[in-house]
1. First select every other residue whose beta carbon is under 9 angstrom from the beta carbon of LEU54; then total the charges, Lys and Arg +1, Asp and Glu -1.
2. Where the only charges are on Cβ atoms (+1 Lys, Arg; -1 Asp, Glu), what is the dipole of the chain about its Cα centre, to the nearest 20 debye?
3. Write down the Kirkwood hydrodynamic radius of the chain, to one decimal in angstroms, obtained as one divided by the mean of 1/r over all alpha carbon pairs.
4. Which Cα, out of PRO34, GLN11, LEU59, lies furthest along the positive dipole direction of the chain (beta carbon charges, K/R +1, D/E -1)?
5. Restricting to Cα pairs below 8 Å that are 6+ residues apart, what does the relative contact order work out to for the chain? Please round to a whole percent.
Amino acid sequence: MHCWNGLSRAQQARLIEHGNLPWGFVPQGECQRPAECEITTQHDQAPGPRFYCLPCALLYVAALLHGSAIRGPAA
């Protein structure tokens, strides 16, 4: 499984809206690491967990603590 940040915004939106990605998709995001942990917060606008590699997870949680995390499909 790929890190959430390894998916493009369009891929993230499809995953949230349809619950899947097309067979044989190629990740088009910035992160190339595999997912290692899951993060769900009470403030997520979209349902379901997001899976991150550890470096991206730490950055996301730090952004949440500072109030600058993006919420919604691109989070």
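Read-outs: derived from the displayed coordinates by stated rules, not from any lab. Keep in mind the model is a prediction, meaning the values are calculated, not measured. Methodologically, a virtual Cβ is constructed for each residue, glycine included, from the backbone with ideal geometry; neighbour enumeration extends over all protein chains shown.
1. Working: positive: ARG33; negative: GLU36.
With Lys, Arg at +1 and Asp, Glu at -1, the neighbours total 0.
2. Numbers: 5 positive and 5 negative charges, 23 e Å.
Its charge dipole is roughly 120 debye.
3. Numbers: mean 1/r = 0.0804 Å⁻¹.
About 12.4 Å, per the Kirkwood formula over Cα pairs.
4. My answer, from the dipole projection, is GLN11.
5. Values: 102 pairs, mean separation 26.3, N = 75.
With pairs under 8 Å counted, the relative contact order is 35 percent.
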